[in-house]
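Scroll down for the structure; my scribbles are underneath it.
None of the figures in this text is laboratory data; all of them are computed from the coordinates on show. Owing to the predicted nature of the structure, the values given are computational and were not obtained by experimental measurement. Using ideal geometry, Cβ is built from the backbone for each residue, glycine included, and neighbour counts are taken over all protein chains shown.
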Amino acid sequence: MKIIFVVSGMNNPNVGMPVVVTNLAKQLKKRGNSVLIYSSLKKDEEVHNRQSTIHYLRFHDNPLINKFKAIRNLLYLLKEFQREKPDIVHINGFHILTIDAAIAARLLRIPYITTLHGLETMTEEQIPRIDPLFYRIVLTKSSAITAVSEFIKKNAQKARRIKGIKVIKNGVDTTQFRPLQIKKKDQIITVQSLYKVKGTDRLIKAFYFIHKNSPKTKFIICGDGPERDKLKRMVNRLGLTGSVKFLGSVNHNTLPRLYNESKVAIFTHSYLPSIESIACGIPTISYAEGDSKEVITPKNGVLVDGGPQEFADEVLKILKGERRFKKQALLDSIQGWSWESITEEYLKVYRRVLHEQRKGDSKKEV
């Protein structure tokens, strides 16, 4: 089977959607399938970790210029799809490029499925401009729609009354994210993009109370985004400059070591990083929001239904040894989240879509 992924952004391979697509593509290729990836790239953005299977199409910040680029990229995708002859196109993310891909697939009568990952990396200006188009052009004609969590599925159903969404959760590579025999540091960690919607400021406020009771503890923040400078000013204002470290975008291969060095992982409502931190055998604390509730249980962490002070209190219980978690219970809690099993779920969707298309083609011939 030949699958073409079209993704709204693959240039940061360490977070969210790129991690999902990369691991899924790897597993599909292991099973003898052919995989190509087409992704958007912002103007002047450099390509990190370039791979031969990823084709980047540049876009501009100027919406008027982007209209011309959208037409150009549509023609390019039509040509590529005709040449590559994929069995199925798999769309990921809200972007002009994914709209182009849906149009190209429909014109060439190639079935496509759409996976919903959420709106975390979109600006408030982009959502109203792209979302209605994405809904009308992409979702209404998808052969199948999947979501990476029940939370995203429910939001999509509520916002757009979309039916028939199948949840295929994100996974974790347990050969990469696993307990390591290294010395713990007096530190806590978070891994998330620094966008306003992620609420990293709430974690910094919680750390302010943690620092009062545990002044030697450090807070490691992995991730980058437009809120970084604002968050740094907040850290300075709270007198936490020496205790909070912004590491920026961290290579995905480095994360297992950073998790294993930490005593606790903390999040506002991150999904994929929560799975990865638990796989490394460290307790995880999150606010009781979003899809974190689908990952964190009493066996692997704590969901906090409160403010920064209550959040800090839960972290301090672990730091002081007042609350303990068994490592094996942590690892057992994410059984079934392997990329191998999740890839099988996607393959079932692909096969069903192709079967339904062939059945439809047979009826037309008759």
Practice task
Sticking with the crude label model, points 7 Å out along Cα→Cβ, report the distance from A329 to K79 in nm, one decimal please.
Solution key: 6.0
Completion exercise
Rounded to the nearest 0.05, FRET efficiency between E322 and T175 (Cβ-Cβ, R0 56 Å) equals 0.95
Fill in the blank from the handout: A student applying the Cα gyration tensor rule (rounded when a/c is under 1.5; otherwise prolate if a/b is larger than b/c, oblate if not) would label segment 154-246 oblate
Exercise for the section: Work out the FRET efficiency for D305 and K2 from their Cβ-Cβ distance, taking R0 = 45 Å, and round it to the nearest 0.05. Expected result: 0.45
Problem - Out-of-range pairs (alpha-carbon distance over 23 Å; input K205/K230; K26/K69; K183/K317; K153/K232; K185/K212; K30/K348) - result: K26/K69; K153/K232
Problem - Gain upon complete extension [Q157, L108; 0.36 nm per residue less C-alpha separation] - result: 14.8 nm
Practice task
List the residues of segment 298-331 whose backbone N lies under 14 Å from a point placed 7 Å from the Cα of D186 along the Cα-to-Cβ direction.
Solution key: 319-321
Problem - Reciprocal of mean inverse Cα separation for segment 187-332 (Kirkwood radius, Å) - result: 15.0
Handout entry: Gain in span if fully extended, R358 to K26, counting 0.36 nm per residue against the direct Cα distance
Key = 116.8 nm
Practice task
Could I have the simple spin-label model distance between V167 and L238, label points 7 Å from Cα toward Cβ, reported in nm to one decimal?
Solution key: 3.1
